[in-house]
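Just so it is clear, none of the values below were taken in a lab; they were calculated from the coordinates. All values reported here derive from a predicted model rather than from experimental measurement. Note: ideal-geometry Cβ built from the backbone for every residue, glycine included; neighbour counts use all protein chains shown.
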Amino acid sequence: MAITRCRFPDNLWLYNLLKMDRRAFIKVGSLAGGSLLTASTVTFGAFTGHDQDKTTFRLNYAPHFGMFQNSAGRDLTDQLQFMADSGFRSMEDNGMKNRSVEDQEKIAAKMKALNMIMGVFVAHKIYWKEPNLAGGKQDYRDEFLKQIQESVEVAKRVNANWMTVVPGHVDLRIEMGYQTAYVVESLKQASAILEPHGLVMVLEPLNFQDHPGLFLTKAAQAYAICKAVNSPSCKILFDIYHQQITEGNLIPNIDLAWDEIAYFQIGDNPGRDEPGTGEINYKSVFKHIYNKGYNDILGMEHGNSIEGKEGEMAVIEAYRRADDF
C-alpha cells in the first residue's frame, strides 16, 4: 500500500482553537458535572470526514510508539512522521512520564511541527497486586498526589490534556463502600491539583481477566465515582477492549456513561489486536461514537496481529475499513 503525506484540513487552526476554548472552560470549572466533549462537536464533524481528505480518518485515532517501528525505524521522531504520513493526527504514550526531559521535549517539538495532538500518558505508579488508594492510608494518598503534581509538569512539557489514572487493587479487608469513599477523596484532592491547569485525569476500568483484583472494573462504577468527585478534571477512559470482556453491551454503556467519558481506547477481543481481528463490530461502534459528536482521541492501545511491515500495513488498513462508515 502506498503511503502518502497527510494533508491536514486547512481549518485545523479552528479545531485547535476549539480545543483551547475547551481547556479554558475547564479552568473556570464551567463544565463541572457535565461533559468535556461538547465544546466543538458540530464544527469539528463538519470538516474531518473523508470528503475533505482521503488520507485522514473521520475519528481521531492515536497510535503508540513501536506500533510502526518496522516501517519507520526506532527513532521516535521518525515514527511520529510515519504516523502523520499515514493519516493519524494524534499519538499516545503510556510511558511518556518515564522518558527523559530531553526526549519529552524532542517528541513535543516534532508533534507540534506535524500538528499532532498528544494523548494519554500514565500519571502515577499503578498498584496491580496490593491496595493503595482503596485502603485509605495517608501515605499512599500522599504518594499518589505527589505523582499527580509531577505529571502536571510532564503534561505541560508535551502539550497533553489527559493522563491515565488506575486506582489500584481492592482491599479485601475493607467494605467496598468505604473503599469507594477513600478513592473518591483521593481523586477530589488530585482534581484540585489539575483543575487550575485545565488538565484531566481519566479513570480506566480494567477487565478481571487480564488484571484480576483491581478496584475499578466497570463503566457504571467509574461513572458513579466521577459524579461523586464532581470535577471537570476527573472523567472516564472508556477502553472498549476492557469493557467488552467485563460487561459487553458496549453502545448502551457508552450512552449511559457519555457525559463523563473524555477518552476512548481500542483493542479487539480476543487477542487485543487491531479492529477486525476479533468479535467487536468496530465499524458500528465507531459510527455511533462519531454520530454522537465525539471529537477527541481514541487511543490504539493494542498489538499488531501480524508481525513486521506487513502487520503494520494491516493495522492501517484495518482502521481504514472500520472508519469507512
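Per-residue HN-Hα couplings for segment 218-232, Karplus 6.51 cos²θ - 1.76 cosθ + 1.60 at θ = phi - 60°, whole Hz, x for Gly and Pro?
So the J values, rounded to whole Hz, are 10, 5, 4, 5, 4, 4, 4, 5, 4, 5, 5, 5, 6, 9, x.
When a/c reaches 1.5 or more, the comparison of a/b and b/c decides; with that in mind, is segment 12-322 rounded, prolate or oblate per its Cα gyration tensor?
rounded
Label-point separation (nm) for residue 291 and residue 256, each offset 7 Å from Cα along Cα-to-Cβ?
Result: 2.0 nm between the two label points.
I want the local charge near residue 279. Using Cβ-Cβ distances under 15 Å, sum +1 for each Lys or Arg and -1 for each Asp or Glu among the other residues.
Within the 15 Å Cβ shell, the charges total -2.
If each of residue 283 and residue 306 carries a label point 7 Å out from its Cα toward its Cβ, how far apart are those two points in nm?
In this crude label model, residue 283 to residue 306 measures out at 1.9 nm.
Tell me which residues come under 5 Å, amide H to amide H, from residue 90 once H is placed; ignore anything under 5 positions away on its chain.
Answer set, sorted by chain and number: 117.
Could you work out how far apart the two model spin labels at residue 176 and residue 197 are, taking each label as a point 7 Å from the Cα in the direction of the beta carbon, and quote it in nm?
So the label points at residue 176 and residue 197 sit 3.3 nm apart.
Peptides 121-133, 157-169: what's the order by average Cβ count within 10 Å, highest mean first?
Ranked by mean Cβ neighbours within 10 Å, highest first: 157-169, 121-133.
Can you order the peptides 72-79, 196-203 by their average number of other Cβ atoms within 10 Å per residue, highest first?
Output ranking for 72-79, 196-203: 196-203, 72-79.
List the residues whose amide H sits under 5 Å from the amide H of residue 217, counting only those 5 or more places along or on another chain, with H placed 1.01 Å from N in the peptide plane.
206
Pop out the ³J(HN,Hα) list for segment 110-121 in order, Karplus 6.51 cos²θ - 1.76 cosθ + 1.60 with θ = phi - 60°, rounded to Hz; leave Gly and Pro as x.
5, 5, 5, 5, 8, 6, 9, 10, 7, x, 6, 9
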